[in-house]
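Taking it in order: structure first as C-alpha cells, then the write-up.
The values are calculated or read from the model by the stated rules, or taken from the named source; none is laboratory data. Note that the structure is predicted; figures quoted are calculated from it, not measured. When we count neighbours, we look across all protein chains shown, and the Cβ atoms used for this are built from the backbone with ideal geometry, even at glycine.
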Amino acid sequence: VADPDDFATVMNSCLLKLKIVDFAKPWLGNGLVTASPSIWKAHRRLINPSFNQHVVDSFLGIFNSQSRRFVRSLEVEVGKGPFDHYVYCHRIALETICQTALGDDFMKNSAKSSEYVCTIDKMLNILISRFQKFWLHPDIIYNFSSVKRQEKDCIKILHKGSTAILQKKKESYMKEMSSKDENFNRTKFKPFIQLLLELSHNTKVLTEDEIKEHVDTIIVSGSDTSGGTITYCMLLIGSYPRVQNKIIEELQTVFGNDDRDVTKEDLSKLVYLDAVIKESIRLYPTVALTGRDIEEDLKLRNYTLSKGASVYLSIYALYHHPQWGPDVEEFKPERWLDPSLLPSWANSIGFGVGRRFCIGKTYALMSIKTTIVHVCRNFLIYGNHKNMKLKLDVLLKPASGHYITIKKRT
C-alpha cells in the first residue's frame, strides 16, 4: 500500500504489527516497537510523560554538549578528502540517547560506542535477512541456522550494554530513594529511565524484564533513525551549495559570530533549517517499510482487506507520491515553507502515521536540529547524493557513494 488515503486508513485502524516483527522479540521483547496492541496501549500511556515537551526541553544542554563532541570528532577528517560519516552520526545519536533518556554516559568511550553501533547494524541486517528469506521464518529451521548463532552473539553484546546501564541507574535510584529527598519523586515530568524505575519500584506496574525491554528498544529506535537522518541531511547539505549558503545565512542572522549554545528560542527561528531536515527525511526516510496484520475486514478506496491478511505499507513510496508535486524526486526544502503546497498528512513525516506513531518525535527533531546547527557553524560540507547507492528493504541505508568532505569554516 502506498496510496496516502489507504495508508492512513490502515495505520489508524490497525494496531497489530506483522507477525514477522516477533523475529525481534529475543532482542527487544515487548518494547513499544514489538509489543502486541494491548501491551502497547498500556505501556505507551505509562511512558508518554517521559517524552513530554518539558522533559525534552530539559535535554537541550546535553544536545548542545553532544553536538560539540560530534564536531570535535569530525575535526580529524578536515582536509583528508572523502570519508564515511555514517558511523560518526550513528555513534553520536547513540551517545546522546544514552545520556538523555537513560541518564548515563556509558557510551562515552568511542571504541565501545562504535562496537555497539556496528552490533546494532549487524543485528538489524540479521532481522531483515530472516524477513527476506521465507524458509528461515519457521523457528524450527531458523534455530539451527548459522544466522541464529550470529543473532545470539549480537544479542549478548547488546543486552550486556543495556543491562549495565539499567543496573547502574537502579543502584543510583535506590540510593536517592534511601536518602529520603522529599523532592526526588515530586517532579511531574520525569526522564525515561527514572519513570521506568519508579513504575517498577513504587507502583509495581512494570517488571524488571519489561524495563530492560523498553531500554533496549529506546536505544535502537533513538539511535538508528536519528543517526540515519543526520547522515542523509549532511550529505544533502553538501550536495547543494545554494542550500548550504541559505543555512549559513540563517545561522548568521540568529547567532551572528557567537558560538554560544543553541536555545529553544533559537530553534524556533531556524525555519529554513527545519525545512531542510524535513525534506531530508522525506527524500530518504530511514524506515522505508512497515506493515500490519488485519484483525477485521477493512475497506480501502478500491478494495477490501480481509481479516487475517497481512499488508505492507511503503513509507518510501508514500514520501515520493505524486501528491508532493511534479518535483517530488527533487531535494527542495522550500516546499516546506508554504503549508498550502503540502499534502494534508505531511506533518507526520518521518515519525509514523496513525495511532502507533513514534513517541520520540519532538525529541528527535530537537536533537537533530541542534546537531546540524553546530555542524554548519563549524564546517563546509561537500558531497553528491546522486552518486549514492541505497540498500532499500525495511530500512533505507547507504551502500556506497555517500561519503562527504569537510572543510573548516573561517
Scan of region 329-343 for residues that are assigned to a loop (DSSP other than H, G, I, E, B), surrounded by 11 or more Cβ atoms within 10 Å (Cβ to Cβ) and at pLDDT below 95, ordered by number: 342, 343
Residue that is over 22 Å from residue 98 (Cβ atoms) and touching a residue at least 60 places away in the same chain (Cβ under 8 Å), where the choices are 238, 227, 222: 238
Which numbered condition residue 316 misses (of (1) surrounded by fewer than 20 Cβ atoms within 10 Å (Cβ to Cβ); (2) in a helix (DSSP H, G or I); (3) over 19 Å from the mean Cα position of the chain (by Cα)): (3)
Conditions (1) within 30 Å of residue 48 (Cα to Cα); (2) among the hydroxyl-bearing types (Ser, Thr, Tyr); (3) out of contact with any strand residue (DSSP E or B) (no Cβ under 8 Å at 6 or more places or on another chain); number of the one not met by residue 306: (1)
Subset of region 72-86 (residues that are free of Cβ contacts under 8 Å to residues at least 12 places away in the same chain and either touching a Phe, Trp or Tyr at 6+ places or on another chain (Cβ under 6 Å) or under 12 Å from residue 375 (Cβ atoms) (or both)): 72
Number of the exception - residue 324 against (1) over 30 Å from residue 252 (Cα atoms); (2) aromatic (Phe, Trp, Tyr); (3) in contact (Cβ under 8 Å) with a residue 60 or more places away in the chain: (3)
Residue in region 294-308 that is under 24 Å from the mean Cα position of the chain (by Cα), more than 18 Å from residue 17 (Cα to Cα) and in contact (Cβ under 8 Å) with a residue 12 or more places away in the chain present: no
Leading residue by the ranking (farthest from residue 299 (Cα to Cα)) among those in region 10-60 that are buried (at least 19 other Cβ atoms within 10 Å of the Cβ) and of a type in the set (S, T, N, Q): 50
Region 282-309: number of residues that are exposed (fewer than 13 other Cβ atoms within 10 Å of the Cβ) and either of a type in the set (D, E, K, R) or in contact with a Cys (Cβ under 7 Å, 6 or more places away or on another chain) (or both): 5
